Amino acid sequence: MSAHFPFDNSYARLPEHFFTRQNPVPVAQPRLIAVNEPLAERLGLDLPEDADALAQLFSGNQIPDGAAPLAQVYAGHQFGGWSQQLGDGRAVMLGEVVAPDGARFDIQLKGAGQTPYSRMGDGRAWLGPVLREYIISEAMAALGIPTTRALAAVETGEIVLREGRMPGAIFTRVASSHIRVGTFQFFAARGDTEALQALLDHTIARHYPDAEGPAGLLDAAIGAQAKLIAAWMGVGFIHGVMNTDNMTLSGETIDYGPCAFMDTYHPEMVFSSIDQFGRYAYANQPQIGAWNLAQLATSLLPLMPDRDAAIETFTEAVNGFAGRFDAEWHSVLAAKLGLATVEDGDVALAFDLLNRMTQGGADFTRTFRALSSPTPENAASAFAAPAAFEPWLAEYKARLSRETRPEAERIEAMLPANPALIPRNHRVEEAIQSAVAGDYAPFNRLNAALADPFTDRPDIEDLQLPPTEDERVKQTFCGT
């Protein structure tokens with residue numbers, strides 16, 4: 001059976017200077033690693049059953065009918081420094097599909113070869129980052145957090161030079177779109193208001209059809225990012241590279257290069273090897289979100305008839321991000337603590353716990369999961385220094401005594417807010433290293449377990465454990 005993709009390539013109908021049309025660069029000997037069959041069904045794809053045919057398809061060696069392959073151009077601030085031209089340096093978007101329910105999705109091959117935006121890079125990806133993105137993007141989807149998705153992964157049969165000779169691979173990413181803050185910045189920096197208007201109209205039609213003009217789009221993006229970043233923080237996720245070219249207008253998480261999930265909680269936690277000064281540390285993510293949105297607002301100014309009035313309006317909107325984020329974050333924390341009613345001291349109670357978790361060296365995931373039980377005192381076992389937890393527990397029990405719903409109902413509601421399983425860094429690294437050695441069993445097992453992160457199961461207890469000192473991963477890497 002040949003592949004069928006329900007393509008309707010609206011981005012490819014935008015002006016030609018939005019992208020460069022090109023096919024993926026063929027690879028030597030592709031071999032299928034994984035294909036996400038439930039996602040393929042969600043997208044309305046008809047795929048061949050043969051693994052070799054799938055490998056040819058998801059390596060880019062064979063282009064499905066109706067595709068319009070292209071590499072997108074954009075700009076961006078990277079760690080605060082301006083880059084006037086970035087773009088898809090190692091990715092080719094095959095096109096957009098319209099799913100059976102009418103939703104529209106991009107399908108992109110990462111590691112598909114050099115493009116005009118490769119900036120002296122080889123345009124390829126090695127196996128490690130491909131597996132990392134597959135594992136974590138699917139885990140985020142299972143956690144209910146807006147994210148790009150993993151459709152497939154293939155080995156290329158070629159060697160990629162990074163720290164050494166690495167096996168090459170290609171990742172098939174699915175996104176509601178790949179439109180970024182940096183896409184708007186690219187055209188704004190060039191004074192191309194015609195392109196800006198076309199991009200604005202396209203983005204509104206695609207993501208926020210009820211939004212009106214630049215102010216409406218900015219407001220929608222602010223709301224989406226406030227909700228997204230609060231959701232990240234609720235599971236201890238650290239993006240690691242929150243550049244403006246890595247913030248989507250759709251409000252989806254994108255680019256899982258140096259990301260990580262916290263084991264021991266600390267608000268200043270950083271894993272990314274390229275974040276030398278902690279710009280994108282865990283607790284800094286809301287402020288960086290606001291900073292990025294300010295860059296979007298600046299990019300939209302040329303479309304406003306009265307610049308001075310627009311500056312005032314947009315400044316107020318961006319300054320409002322803090323309050324909107326706080327509302328989302330406080331809601332996340334209330335859900336994690338099982339508080340359905342609202343009292344004045346609830347936020348202070350939650351922050352007090354976080355402070356004590358920092359002082360006591362508590363595991364973030366295991367602390368909150370233990371609170372989601374009839375015996376919340378068991379959360380003390382997640383602390384290296386349990387004495388930091390015990391005074392807080394008395395206050396928490398007193399607060400729970402004023403909740404109106406039954407305990408069983410409260411616990412049932414808490415479990416979906418407090419996962420039993422996250423993609424812990426040492427387990428992701430274990431899966432990568434085993435795959436490099438030719439054994440995909442840990443990768444397959446971890447993916448299967450993460451598909452159901454809210455259920456405690458005896459067969460995955462080892463995946464729930466925090467790392468030993470020897471297993472601890474202290475840095476993560478971008479992989480480009």
> Among strands (runs of 3 or more DSSP E) lying entirely in region 80-159, which contain 1 or more residues that are touching a Ser or Thr at 6+ places or on another chain (Cβ under 8 Å)?
Replying inline: 91-98, 104-110
> What number goes with the only condition from (1) in contact (Cβ under 8 Å) with a residue 60 or more places away in the chain; (2) surrounded by fewer than 12 Cβ atoms within 10 Å (Cβ to Cβ); (3) among the β-branched types (V, I, T); (4) within 23 Å of N355 (Cα to Cα) that T375 does not pass?
Replying inline: (1)
> Does R445 qualify as being under 22 Å from I145 (Cα atoms), touching a strand residue (DSSP E or B) at 6+ places or on another chain (Cβ under 8 Å) and not aliphatic (A, V, I, L, M)?
Replying inline: no
> Does at least one position in region 337-356 carry a residue that is touching a Phe, Trp or Tyr at 6+ places or on another chain (Cβ under 7 Å) and without any contact (Cβ under 8 Å) to a residue 40 or more places away in the chain?
Replying inline: yes
> In region 217-251, which residues are β-branched (V, I, T), within 23 Å of L415 (Cα to Cα) and assigned to a helix (DSSP H, G or I)?
Replying inline: I229
> Taking P467, is it part of a loop (DSSP other than H, G, I, E, B), touching a residue at least 12 places away in the same chain (Cβ under 8 Å), under 18 Å from K336 (Cβ atoms) and under 26 Å from the mean Cα position of the chain (by Cα)?
Replying inline: no
> Taking region 422-445 on its own, how many of its residues are within 22 Å of A382 (Cα to Cα) and in contact (Cβ under 8 Å) with a residue 40 or more places away in the chain?
Replying inline: 6
> Checking A53 against (1) closer than 23 Å to S137 by Cβ; (2) of a type in the set (G, A, S); (3) not in a loop (DSSP other than H, G, I, E, B), which single condition isn't satisfied?
Replying inline: (1)
> If A283 satisfies every condition in (1) surrounded by 20 or more Cβ atoms within 10 Å (Cβ to Cβ); (2) under 17 Å from the mean Cα position of the chain (by Cα) but one, which is the exception?
Replying inline: (1)
>> Taking the conditions exactly as written (open to solvent by less than 10 Å² (accessible area, probe 1.4 Å), aromatic (F, W, Y) and modelled with pLDDT of 95 or more), does F105 satisfy them or not?
In response: no
> polar (S, T, N, Q) and open to solvent by less than 10 Å² (accessible area, probe 1.4 Å): does that describe T172?
Replying inline: yes
>> It is to be established whether one or more residues within region 196-212 are among the polar types (S, T, N, Q), open to solvent by 10 Å² or more (accessible area, probe 1.4 Å), under 30 Å from G361 (Cβ atoms) and in a helix (DSSP H, G or I).
In response: no
> Regarding A283, is this residue free of Cβ contacts under 8 Å to residues at least 60 places away in the same chain, of a type in the set (G, A, S), farther than 23 Å from G216 by Cβ and not in a loop (DSSP other than H, G, I, E, B)?
Replying inline: yes
> Only one of (1) over 25 Å from the mean Cα position of the chain (by Cα); (2) surrounded by fewer than 18 Cβ atoms within 10 Å (Cβ to Cβ); (3) at pLDDT 95 or above; (4) not in a strand (DSSP E or B) is not met by S2, so which one is it?
Replying inline: (3)
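The values are calculated or read from the model by the stated rules, or taken from the named source; none is laboratory data. This structure is a prediction, so every number in the text was calculated from the model and none was measured. As a convention, Cβ positions derive from the backbone with ideal geometry for all residues, glycine included, and neighbour counts pool all protein chains shown. What goes into the accessible areas is simple: the full protein's heavy atoms, side chains included, and nothing from ligands, DNA or RNA. Shrake-Rupley method; radii C 1.70, N 1.55, O 1.52, S 1.80 Å.
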